[in-house]
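The block underneath contains the structure these notes are about, expressed in structure tokens.
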Amino acid sequence: MKRWGLFFMLLTLTGCSSGVNVEIPDEYYQSSSKSMGYLTGSLAVTTVWPSTGEGLETTLFLRKQGQKEPIILTNSTSPSHYQTEIIKGHIFSIELPTGHYELYSIKFRGSNGIKKVNSKTNDNLDIHFTIVDNNVTYLGQFLTSSLIAKSPLWNTQYPSGLGMIEHSNEGRRDKLLLNKYYPKLKGIPYSQEVIEGINNNKILATAVDL
């Protein structure tokens with residue numbers, strides 16, 4: 001799978017998916033369709049200074065085709081599900097009605113240790129996926145970090161107040177995490193090849209009022 005970056009100028013919720021805060025409007029469960037599937041993935045941050053994404057709240061905005069109200073996923077400060085020397089993150093799983101969905105926007109909020117951040121992409125990222133009956137759809141890992149600037153006076157690097165989110169397919173690792181944190185999904189088919197619209201384009205965000 002291709003990797004992609006979203007670069008941000010200037011570098012909330014009910015429910016919890018074992019470490020990721022989740023908000024799903026009631027209307028998604030009021031349809032006549034009883035067919036349901038699962039959406040999984042992971043939200044992570046870099047931990048190495050000065051590119052750390054710790055302290056930044058990353059929010060994904062999703063919606064089903066034909067629906068106006070968003071499904072909202074936000075990383076949390078609870079103990080991480082996985083951690084290496086350079087990143088840490090949480091796995092998530094939510095049950096959703098079958099159909100076509102899109103990831104249409106991403107928002108950053110918080111502080112990267114130097115500057116406060118409150119920025120958002122446009123509302124048309126055009127990233128699509130499908131929830132299939134009794135199947136697990138894997139959305140991938142979303143990794144948040146701070147972009148780095150170099151001081152012209154001291155020749156040192158520091159967080160610039162700009163952020164980056166990078167997508168990658170960590171399906172093998174995340175499948176093991178799903179087995180651990182969501183054991184009821186072990187026997188359900190697991191798909192990693194259904195995401196459309198992820199590419200290498202860099203998308204600018206616009207700062208919003210704090």
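The values are calculated or read from the model by the stated rules, or taken from the named source; none is laboratory data. The model shown is predicted, which means the values in this text are computed figures rather than measured ones. In this analysis, Cβ positions are derived from the backbone assuming ideal geometry, glycine residues included, and neighbour counts consider all displayed protein chains. For the accessible areas, the whole protein counts, side chains as well, though only heavy atoms, and no ligand, DNA or RNA atoms are used. Shrake-Rupley method; radii C 1.70, N 1.55, O 1.52, S 1.80 Å.
Per-structure values
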quantity	calculated
Protection proxy ranking, peptides 149-159, 125-135, average beta carbon neighbours within 10 Å, highest first	125-135, 149-159
For residue 81, residues with placed amide H under 5 Å, excluding near neighbours	89, 90, 91
Expected-Rg normalisation [2.2 N^0.38 Å, Cα atoms] applied to the stretch 41-119	1.24
In order through the stretch 170-177: 3J(HN,Hα) via Karplus (6.51 cos²θ - 1.76 cosθ + 1.60), integer Hz, x for Gly, Pro	10, x, 5, 5, 5, 5, 5, 5
Amide H contacts under 5 Å for residue 52, placed H, 5+ residues apart	146
Protein accessible area in the stretch 106-188, 1.4 Å probe - carbon and sulfur %	51 percent
Nonlocal amide H pairs with residue 36, under 5 Å, H built at 1.01 Å	98, 134
Selected from 71, 178, 144, residue furthest toward positive end of dipole (the stretch 58-178; charges at beta carbon)	144
Per DSSP, loop GluC sites (Glu not before Pro) in the stretch 68-132 with at most 13 further Cβ within 10 Å	85
